[in-house]
Amino acid sequence: MCGIVGYIGKNQDIRMGIEALRRLEYRGYDSAGAAWYNSDKKDIFLVKKAGRIDNLEKAIQESNLVSSGNPFILHTRWATHGGVDDINAHPHSDCKNEIFLVHNGIIENYQELKEKLIKEGHKFCSQCDTEVLSHLIEKYFQGNLEEAVRKALKEVRGTYGLAVISKKDPGKLVAARLSSPLLLGINQDEILVASDPSAVITHTRQVINLDDNEIAVLKPENFFILKEKPVIQIEWTAEEAQKGDYPHFMLKEIMEEPEAIENAIRGRLIPEEGQVKLGGLSSVEKKLREINRLLLVACGTASYAARTGEYMLEEYAGIPTEIDIGSEFRYRKPIVDKKTAAIFISQSGETADTLAALREMKEKGTMALGITNAVGSTQSRETDAGVYTRSGPEIAVASTKAFIGQLITLALLTVYFGRQRDMALVMGQRIVSELAKLPELARKVLKQAPEIEKIAKKYKDCKNFWFIGRKYNYPMAMEGALKLKEISYLHAEGVASGELKHGALALIDENFPTIVISPSDSVYEKTISNIQEIKARKGPIIAIATEGNEEIKNLVDDVIYIPKTLEMLTPILSVIPLHLFAYYTAVALGKDIDKPRNLAKSVTVE
Ligand code: AGP
């Protein structure tokens, strides 16, 4: 949520910063801005513009402001406080235009601080909460920027990742973090600060994650943080975070779903033992044998993976499992004991609500496990142990391949917990062998992309959609609906098939299609009854069915087939057409696929 780039080193050209900022645009794209030190003029220049980074780049080109020098700081915004306009865009500065900063997060006591600062004579020009930080730093500035930042932050309540420069203390960039991700990219003759590794990847793969309450002082030749910190290697390459020949990141990432499965299972299946190897859990393996209850906590799409995990873990591992969304869990009074473990699921590992729930559980002494895609993320650092999904960088705001990675990881965990308990060898072997077949089966589903595109075009003018499913595929109904609304802005809801008759059916008519997820599983016949109920009310139906099911063609309007697999693994195949359906519908409607309105990747504010 919002993107920060800061740079100090050999490069003198702000266009380098713009290039890095572009790789963060998926984090927020309401407005963008840059401030850079010009060493000839001994001054800091500022340009900021509402809209996309293209607008900022154009404004910089037209400004005739020479960029020869650094440090520079840049920001791409997802608005929280203050409208989407040039003034509220970052960087923000103090009264004398000497201190400039970019900020991610929310200053919760900004109103109170602002009133105080106004009384002291400070002049504000924006409605943005961030502006209080620049005035606070101005208040405490006596020639040393980091000292002023340190004093200012003592007065602040809320969350921040920030990068600050001052023309009165040049040759230095100060970065600080509290509950909003920030890392340093370390390279020869240059140091970058960024809210996300994608920004630094073309410069360096060596990063250091800042921890909460840490302040880093960056100079061209070195950096200073109070604590000795490990350098982490980014595991993916810059190329992996490029669109390549695909028109959108989302399509590329859907097409990478088979690979996401392969990566998640690589080296982890032990077929003969019907077991899986999860290195990230080895330190807690013994303790996990004692666990008799699981809590799964996540937000958005990841929460649908959690919900699927609940069915898997209860049916095959026999562990009572409860799921909740992070934003609610943090305000509940969860009843936990020493035999409870909580599993937090997050692609980014930076989702504020999920992290808050994690911290609440840690506070209670509950074992916290993580499933994340982001190596070195806050979640991965704060959990006791965990499993990486290894899905590779996901850039589109709508999560697809990372979701598949989460489902696979939950299936692996099911075998892991199950085999620690009552799961028979043959059952473990069966799940493991079906998991190994999934990449090929997923490829088969993707081959139907042209047909799914035709179906999407056929229904694109409908304004409302139900997605229904039962058991393992109920969460997929919610996932399909979320994806469609996120990127096409059509109204869609995921409903448990059995709930239709309790209300949702009232809306069905010839213009209200339903996507029915109906693989040939243990609840297939029940789902067929739902299909009949919808048809009796003239509702159009698109069915996701198992290959070989010819009968269903006579009951519904359109069918998309998925290959046969174990019931518990059907969601991994049934969700692929749902991702494609959402994608092609949004394309047919001419929407901004990778950067849907009002949203941003990674929600780092509450
Ligand atoms: C998915 O398409 C969404 N953009 C969103 O629901 C996302 O899954 C949610 O914000 C959780 O993100 P996380 O996995 O990074 O925690």
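The values are calculated or read from the model by the stated rules, or taken from the named source; none is laboratory data. The structure presented is a predicted model; accordingly, all values stated were derived computationally and were not measured. Every residue, glycine among them, receives a Cβ derived from its backbone with ideal geometry; neighbour counts consider all protein chains shown. Just so you know, the surface numbers come from the protein's heavy atoms only, side chains and all, with ligands and any DNA or RNA stripped out. Shrake-Rupley method; radii C 1.70, N 1.55, O 1.52, S 1.80 Å.
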- Query: Given the structure, is ALA442 within 30 Å of ASP592 (Cβ to Cβ), part of a helix (DSSP H, G or I), away from the ligand (no atom under 12 Å from the Cβ) and open to solvent by less than 30 Å² (accessible area, probe 1.4 Å)?
  - Reply: yes
- Item | Any hit, the range 406-419, residues being more than 27 Å from PRO596 (Cα to Cα), within 14 Å of the ligand (Cβ to nearest atom) and open to solvent by less than 10 Å² (accessible area, probe 1.4 Å) | yes
- Is at least one residue of the range 115-125 free of Cβ contacts under 8 Å to residues at least 24 places away in the same chain, open to solvent by less than 10 Å² (accessible area, probe 1.4 Å) and on the phi < 0 side of the Ramachandran plot? yes
- From the list LYS243, LYS252, which residue is part of a loop (DSSP other than H, G, I, E, B), among the basic types (Lys, Arg) and closer than 28 Å to VAL587 by Cα? LYS243
- Can you find a residue in the range 378-400 that is in contact with a Phe, Trp or Tyr (Cβ under 8 Å, 6 or more places away or on another chain) and of a type in the set (Ser, Thr, Tyr)? yes
- Subset of the range 255-267 (residues that are part of a loop (DSSP other than H, G, I, E, B) and either within 25 Å of TYR583 (Cβ to Cβ) or open to solvent by less than 20 Å² (accessible area, probe 1.4 Å) (or both)): GLU256
- Item | Leading residue by the ranking (modelled with the highest pLDDT) among those in the range 567-599 that are open to solvent by less than 10 Å² (accessible area, probe 1.4 Å) and part of a loop (DSSP other than H, G, I, E, B) | ILE593
- Task: Check the range 525-541 and report whether any residue there is assigned to a loop (DSSP other than H, G, I, E, B), aliphatic (A, V, I, L, M) and surrounded by fewer than 16 Cβ atoms within 10 Å (Cβ to Cβ).
- Result: yes
- Note on the structure: Selection from the range 518-546 of residues out of contact with any Ser or Thr (no Cβ under 9 Å at 6 or more places or on another chain) and over 26 Å from CYS462 (Cα atoms) yields SER522, GLU525
- Can you pull out the residues in the range 313-353 that are more than 10 Å from the ligand (Cβ to nearest atom), open to solvent by less than 20 Å² (accessible area, probe 1.4 Å) and either farther than 19 Å from ALA385 by Cβ or of a type in the set (Asp, Glu) (or both)? PHE329, PRO334
- Message: For the range 381-404, which positions are crowded, with 23+ Cβ neighbours inside 10 Å and part of a helix (DSSP H, G or I)?
- Response: LYS401, ALA402, PHE403, ILE404
- Item | Residues that are surrounded by 16 or more Cβ atoms within 10 Å (Cβ to Cβ), outside any helix (DSSP H, G or I) and not small (Gly, Ala, Ser), drawn from the range 505-524 | ILE508, PHE512, PRO513, THR514, ILE515, VAL516, ILE517, PRO519, ASP521, VAL523
- Message: Just to verify a result, which residue in the range 364-375, among those that are small (Gly, Ala, Ser) and open to solvent by 10 Å² or more (accessible area, probe 1.4 Å), is nearest to the ligand (Cβ to nearest atom)?
- Response: ALA374
